[in-house]
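Q: Pasting a structure here, questions to come.
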Amino acid sequence: MNLYKSVIEKSTVNEINHNFKILVVEDDDVGYMLLHEILSSYPVTLVRAFNGEEAIDNFQNDKSAFSLVLMDIRLPKVNGYEATRKIKEINPSIPVIAVTAYAHSQGVIDCFNSGCDDFISKPFDINKIFRIIENYLVIRN
């Protein structure tokens, strides 16, 4: 995982100067740990929800608790499409980024139709993750 840290150090991390809070909705431990490692040099706090139901609960408790959501699509209890719809009803301005291995064209369309603002496919393109995180968090400074 040191490769990720060296890539992050060469990134434009300094452009983000706040400690943002990101909700990572991911039921897979490896997927979550990889995102955690990739983002470990950023000034962000990650909070994990294991399913869509937990993600929705986080927003029902405090609609402004997070700066960004990284949303897996295939989740137990409530899938990422439905969780995104509910979260956007609670807080329409929160950026929700779909993170999924199902990157076929209909899957991407379904993500955007459910309210996702952007899309990251698995396996991760680390540079795309950096661009998306920096874009959505810097805009919200």
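Q: Which condition from (1) in contact with a helix residue (DSSP H, G or I) (Cβ under 8 Å, 6 or more places away or on another chain); (2) surrounded by fewer than 20 Cβ atoms within 10 Å (Cβ to Cβ); (3) within 15 Å of L35 (Cβ to Cβ); (4) of a type outside the set (G, A, S) is the one that I73 breaks?
A: (2)
Q: Restrict the check to the range 64-86 and report whether at least one residue is over 19 Å from R48 (Cα atoms) and either out of contact with any Leu (no Cβ under 6 Å at 6 or more places or on another chain) or without any contact (Cβ under 8 Å) to a residue 40 or more places away in the chain (or both).
A: Going residue by residue through the range 64-86, those that are over 19 Å from R48 (Cα atoms) are none.
Taking every residue of the range 64-86 in turn, none turns out to be over 19 Å from R48 (Cα atoms) and either out of contact with any Leu (no Cβ under 6 Å at 6 or more places or on another chain) or without any contact (Cβ under 8 Å) to a residue 40 or more places away in the chain (or both).
Q: If you don't mind, there's one more thing I want to ask. Considering only the range 70-84, how many residues are in a helix (DSSP H, G or I) and under 24 Å from K128 (Cα atoms)?
A: Adding up the residues that qualify gives 4.
Q: Considering every residue within the range 30-52, establish whether at least one is more than 14 Å from the chain's Cα centre (by Cα), outside any loop (DSSP other than H, G, I, E, B), touching a residue at least 24 places away in the same chain (Cβ under 8 Å) and more than 20 Å from N19 (Cβ to Cβ).
A: No: the range 30-52 contains no residue that is more than 14 Å from the chain's Cα centre (by Cα), outside any loop (DSSP other than H, G, I, E, B), touching a residue at least 24 places away in the same chain (Cβ under 8 Å) and more than 20 Å from N19 (Cβ to Cβ).
Q: Which of the residues belonging to the range 92-137 are modelled with pLDDT of 90 or more, of a type in the set (V, I, T) and not in a helix (DSSP H, G or I)?
A: I94, V96, I97, V99, I120
Q: Would the range 58-66 turn up any residue that is surrounded by fewer than 17 Cβ atoms within 10 Å (Cβ to Cβ), within 25 Å of Y102 (Cα to Cα) and either of a type outside the set (G, A, S) or touching a Ser or Thr at 6+ places or on another chain (Cβ under 7 Å) (or both)?
A: Checking the range 58-66: not a single residue is surrounded by fewer than 17 Cβ atoms within 10 Å (Cβ to Cβ), within 25 Å of Y102 (Cα to Cα) and either of a type outside the set (G, A, S) or touching a Ser or Thr at 6+ places or on another chain (Cβ under 7 Å) (or both).
Q: Follow-up question, since we're still on this one. So which pairs qualify, if the first residue must be in the range 116-136 and under 16 Å from N19 (Cα atoms), the second must be crowded, with 18+ Cβ neighbours inside 10 Å and hydroxyl-bearing (S, T, Y), the Cβ gap must be under 7 Å, and the two must be at least 6 apart or on different chains?
A: Here the result reads F130/S11; I133/Y42, each pair linking the range 116-136 to a residue that is crowded, with 18+ Cβ neighbours inside 10 Å and hydroxyl-bearing (S, T, Y).
The values are calculated or read from the model by the stated rules, or taken from the named source; none is laboratory data. Predicted model, so just to flag it, every value in this text is computed and none were measured. Because the Cβ atoms are built from the backbone with ideal geometry, glycine has one as well, and the counts that use them run over all protein chains shown.
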